[in-house]
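The values are calculated or read from the model by the stated rules, or taken from the named source; none is laboratory data. All values derive from a computational prediction rather than experimental measurement. A quick note on method: Cβ atoms are made from the backbone with ideal geometry, for glycine too, and the neighbour counts reach across all protein chains shown.
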Amino acid sequence: MKAIALNGYGFDNVKLSEVEDPRPGAGEVVVRIKAAALNRLDLWTLSGDLKISHEFPHPLGADGAGEIDSVGDDVSNLKPGTPVVINPGISCRGCELCRAGEHSECPRFRILGEHLPGTLAEKVRVPATNVFPFPGHLSYGEAATFGVTYITAYRMLFTRGRLRPGEWVLITGIGGGLAQSLFQLARPVAGRVYVTSSSDGKLKRATDAGADAAINYRSEDVGKTIRGLTGKRGVDMVVDSAGGESLIQGLRSLRKGGRVVIAGATAGSTAKLDLDRLFWNQLQVIGSTMGSDADVSDMLRLVGGMKLRPVVERTFTLDQGVEALRHLDSDERFGKIVVEVL
Ligand SMILES: [Zn+2]
């Protein structure tokens, strides 16, 4: 089959490659991919900086949707031809945390495309527990986007952050795919949604999409501006995927007893916390990553109920996969990049 695969690290070694067709083992299915969607994660894998040893050629891509192609001997609940979206988080299913339903806390947690052959391919092999039916209003290309970022966003907001209807939320770095997913899932529930970005263009698009206020963190002090907007109160929850100074600004934006949920550290993996502020204001810093089966199915039910659609910025074909990845690497994007496979 054809796949956009690593044959070494760096852009020069990513190409449309011929790789062996996957076959389903016990408890597994092979999905014939109709569309894949890109995430920043694909660029980190591509760079080789993650220090994971891959067997080449290694197909990239975490997110995908398609139809069941074939199933392992012991898989009786899925039939070839069934449309599915893939949960790219693969867990062992046997450990204490998996059995407690906390699949993304599994010590052996892995992600398609990052650790395992990915979805930028004609077919991908996954455990049967990793495929889900998707809401009928979505095309395959749209369904493919409901992977890494929406699963992560759902868990951050509702499972880890316990967002309650009416609460005020600050989402940092609104240009990114995760922040956009956070915005779409939080907007119908939150009383107010504030966003930050360094790009006035992205801030304008966010207010057009329904953000209550948009703050340029390059030219404004986020904590001060949030205090001004909330009558000195602050927000109930900050969701952040940047870390570093963004996390610090987030903590300054919280009300007493508020919480920041963090699921990334693109702006810096260390931050100097003011512990006096932390305990005196009774703040919580909560980590989150990917999601459990329940997070995935609840996210898809919310998407179905609200008839949510992703913002798809551009669609490529599998043959143009390398170009799609290069486009992902450019800064002024707004929305998901989809790669149609068949
Ligand atoms: Zn496990």
> Is it the case that segment 69-91 has a residue that's under 24 Å from Pro135 (Cβ atoms), acidic (Asp, Glu) and in contact with a helix residue (DSSP H, G or I) (Cβ under 9 Å, 6 or more places away or on another chain)?
Replying inline: no
> Being within 18 Å of the chain's Cα centre (by Cα), outside any loop (DSSP other than H, G, I, E, B), buried (at least 21 other Cβ atoms within 10 Å of the Cβ) and not assigned by TED's automatic domain parsing to the domain that holds Val312, is that true of even one residue in segment 240-256?
Replying inline: yes
> In segment 181-201, which residues are touching a strand residue (DSSP E or B) at 6+ places or on another chain (Cβ under 8 Å) and either buried (at least 23 other Cβ atoms within 10 Å of the Cβ) or among the aliphatic types (A, V, I, L, M) (or both)?
Replying inline: Leu182, Ala186, Ala190, Val193, Tyr194, Val195, Thr196, Ser197
> Inside segment 266-342, counting only strands (runs of 3 or more DSSP E) that do not spill past its ends, which hold 1 or more residues that are modelled with pLDDT under 95?
Replying inline: 312-317, 336-340
> Inside segment 1-72, counting only strands (runs of 3 or more DSSP E) that do not spill past its ends, which hold 1 or more residues that are of a type in the set (S, T, N, Q)?
Replying inline: 14-18, 63-71
>> Anything in segment 314-342 that is touching a residue at least 40 places away in the same chain (Cβ under 8 Å), among the β-branched types (Val, Ile, Thr) and surrounded by fewer than 19 Cβ atoms within 10 Å (Cβ to Cβ)? List them, or say none.
In response: Thr315, Val322
> If Ile174 passes every condition in (1) away from the ligand (no atom under 16 Å from the Cβ); (2) at pLDDT 95 or above but one, which one does it miss?
Replying inline: (2)
> Given (1) more than 16 Å from the ligand (Cβ to nearest atom); (2) of a type in the set (Gly, Ala, Ser); (3) buried (at least 21 other Cβ atoms within 10 Å of the Cβ), where does Gly141 come up short, assuming only one miss?
Replying inline: (3)
> Given the structure, is Lys224 outside any strand (DSSP E or B), free of Cβ contacts under 8 Å to residues at least 40 places away in the same chain and out of contact with any strand residue (DSSP E or B) (no Cβ under 9 Å at 6 or more places or on another chain)?
Replying inline: yes
> If Ala209 satisfies every condition in (1) of a type in the set (Gly, Ala, Ser); (2) buried (at least 19 other Cβ atoms within 10 Å of the Cβ); (3) within 24 Å of Ala37 (Cα to Cα) but one, which is the exception?
Replying inline: (2)
> Identify, please: which residue in segment 75-95 is polar (S, T, N, Q) and within 16 Å of the ligand (Cβ to nearest atom) and is, among those, farthest from Gly147 (Cα to Cα)?
Replying inline: Ser91
>> Just checking, does segment 164-173 include any residue being farther than 23 Å from Gly304 by Cβ, among the charged types (D, E, K, R) and either free of Cβ contacts under 8 Å to residues at least 12 places away in the same chain or surrounded by fewer than 16 Cβ atoms within 10 Å (Cβ to Cβ) (or both)?
In response: no
